[in-house]
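One structure is given here, and the rest of the page talks about it.
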Amino acid sequence: MLLGLITRSTNSCLRRLFHSRATFHDHQKMKINLIPLLEDNYGYLIIDESSNKGAVVDAVTPDVVLKAVQEAGVEVNQVLTTHHHWDHAGGNAELDTKKPGMTFYGGDDRIPAMTHKVRHNETFNIGSLRVTCYETPCHTTGHVCYFVEGEGADPAVFTGDTLFAGGCGKFFEGTGPQMYHALIEVLSALPDHTRVYCGHEYTAQSLKFAKHVEPDNPAVRDMIEDTGKKRGAGLPTIPTTIGLEKEYNPFMRVAEASVLKFAGCSDPVEAMGILRAAKDKFRG
């Protein structure tokens, strides 16, 4: 009884400190440590097991991220930044000061401390892992998603604020056709088993809108149930997979008859903009 009370009390304290528990994900020869940051952000530590080299993604809170790196016992000299917004790139300058000599990757000159500006389809390595950079402008003009794969490793994609579990980012600096290109022509083309690591814990709210768009979609109902269980336990809802997103995320389903019916049009590209406008007004 006392142990149970202590465990529940400890979990409660952790939830007050962080919005979710840190989790660790095995991709065979690659490991990914999910690091809760700020109020609802996620940063990530990518580890190549064959070389014990790693990289961090969107390390907005340097002390927390560096602690995760130290605990993992991995050599990290690379920082991947998805876009310039402060809650993703705002820790770069401090991180550069605390751990000098790292390479900072990004696709936007507004990213602090950036040392290497990437281009669409450019590749580089984290140990034996290969990273492919995909330009996905819309949320910001310089947004980049990073696809990571390796021999014997299950692939992963770090989508920042372009693709969320069940949703997508706001079109702050872009258009519906741009988000259509990012989600449908770029990310949807990745292998279905690619695990999706996004920038925020927005899943529960995103799924309310998904249910509003497709109330009869069983995949939406299943995801709502799964999300409720995970959030109730203080667990993140991330990662999902590209294949799962195609089943329940309305922004990945703009060519489906049910989504087009909701949008009141027959053009999936037009539907993307209509969906985003509806989501911006949604208060469900």
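The values are calculated or read from the model by the stated rules, or taken from the named source; none is laboratory data. Being a predicted model, the structure only gives us computed values, none of them experimental. Here Cβ is always computed from backbone atoms with ideal geometry, including for glycine, and neighbour counts include all displayed protein chains. We work out accessible area using only protein heavy atoms, side chains counted, and drop any ligands, DNA or RNA first. Shrake-Rupley method; radii C 1.70, N 1.55, O 1.52, S 1.80 Å.
In the range 210-256, how many are open to solvent by 30 Å² or more (accessible area, probe 1.4 Å), of a type in the set (Gly, Ala, Ser) and in contact with a helix residue (DSSP H, G or I) (Cβ under 9 Å, 6 or more places away or on another chain)?
Adding up the residues that qualify gives 3.
Confirm whether LEU187 is under 25 Å from GLY284 (Cβ atoms), open to solvent by less than 60 Å² (accessible area, probe 1.4 Å) and in a helix (DSSP H, G or I).
Numbers: under 25 Å from GLY284 (Cβ atoms): no; open to solvent by less than 60 Å² (accessible area, probe 1.4 Å): yes; in a helix (DSSP H, G or I): yes.
Considered against the rule, which asks whether it is under 25 Å from GLY284 (Cβ atoms), open to solvent by less than 60 Å² (accessible area, probe 1.4 Å) and in a helix (DSSP H, G or I), LEU187 comes out as no.
If I filter the range 72-94 down to residues being within 24 Å of GLY174 (Cβ to Cβ) and in a loop (DSSP other than H, G, I, E, B), which single residue comes out as farthest from the chain's Cα centre (by Cα)?
That would be GLY90.
Rundown of residues vs (1) touching a residue at least 12 places away in the same chain (Cβ under 8 Å); (2) within 16 Å of LYS170 (Cα to Cα), yes/no style:
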| position | (1), (2) |
| --- | --- |
| ALA210 | yes, yes |
| ASP216 | yes, no |
| ASP226 | no, no |
| ARG231 | yes, no |
| LEU235 | yes, no |
| ILE242 | yes, no |
| MET252 | yes, yes |
| MET272 | yes, yes |
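Any chance you could count how many residues in the range 199-239 are in contact with a Gly (Cβ under 7 Å, 6 or more places away or on another chain) and within 22 Å of ILE35 (Cβ to Cβ)?
Keep residues of the range 199-239 that are in contact with a Gly (Cβ under 7 Å, 6 or more places away or on another chain), which gives 199, 202-203, 206-210, 212, 223.
Next, from what is left, pick out any that are within 22 Å of ILE35 (Cβ to Cβ): 199, 202-203, 206.
Total meeting the criteria: 4.
Of the conditions (1) in a strand (DSSP E or B); (2) of a type outside the set (Phe, Trp, Tyr); (3) surrounded by fewer than 22 Cβ atoms within 10 Å (Cβ to Cβ), HIS19 satisfies every one except a single condition; which number is it?
The failed condition is (1).
When you go through (1) in a strand (DSSP E or B); (2) out of contact with any Asp or Glu (no Cβ under 8 Å at 6 or more places or on another chain); (3) of a type outside the set (Val, Ile, Thr); (4) surrounded by 18 or more Cβ atoms within 10 Å (Cβ to Cβ) one by one for PRO155, which number turns out not to apply?
Checking PRO155 against (1) in a strand (DSSP E or B); (2) out of contact with any Asp or Glu (no Cβ under 8 Å at 6 or more places or on another chain); (3) of a type outside the set (Val, Ile, Thr); (4) surrounded by 18 or more Cβ atoms within 10 Å (Cβ to Cβ), the one that fails is (2).
Out of the residues in the range 42-71 meeting the condition of being part of a loop (DSSP other than H, G, I, E, B) and under 18 Å from the mean Cα position of the chain (by Cα), tell me which one is surrounded by the fewest Cβ atoms within 10 Å (Cβ to Cβ). Give the steps one after another, and end with the answer.
Narrowing the range 42-71 to residues part of a loop (DSSP other than H, G, I, E, B): 49-52, 58-61.
From what's left, under 18 Å from the mean Cα position of the chain (by Cα): 58-61.
Values: ASP58: 29, ALA59: 31, VAL60: 24, THR61: 20.
It comes out as THR61.
Name every residue in the range 97-119 that is out of contact with any Ser or Thr (no Cβ under 9 Å at 6 or more places or on another chain) and either among the basic types (Lys, Arg) or open to solvent by 40 Å² or more (accessible area, probe 1.4 Å) (or both), in order of residue number.
Once the filter is applied, which keeps residues that are out of contact with any Ser or Thr (no Cβ under 9 Å at 6 or more places or on another chain) and either among the basic types (Lys, Arg) or open to solvent by 40 Å² or more (accessible area, probe 1.4 Å) (or both), the range 97-119 yields THR97, LYS98, LYS99, PRO100, GLY101, ASP109, LYS117, ARG119.
Hey, among the residues in the range 76-96 that are touching a residue at least 24 places away in the same chain (Cβ under 8 Å), out of contact with any helix residue (DSSP H, G or I) (no Cβ under 8 Å at 6 or more places or on another chain) and more than 22 Å from THR141 (Cβ to Cβ), which one's surrounded by the most Cβ atoms within 10 Å (Cβ to Cβ)? Please lay out each step first, then the result.
So in the range 76-96, the residues touching a residue at least 24 places away in the same chain (Cβ under 8 Å) come out as 76-92, 94-95.
With the extra rule that they be out of contact with any helix residue (DSSP H, G or I) (no Cβ under 8 Å at 6 or more places or on another chain), the set shrinks to 77-78, 80, 84-90, 92.
Filter again for more than 22 Å from THR141 (Cβ to Cβ), leaving 77-78.
On the way: ASN77: 13, GLN78: 21.
The residue in question is GLN78.
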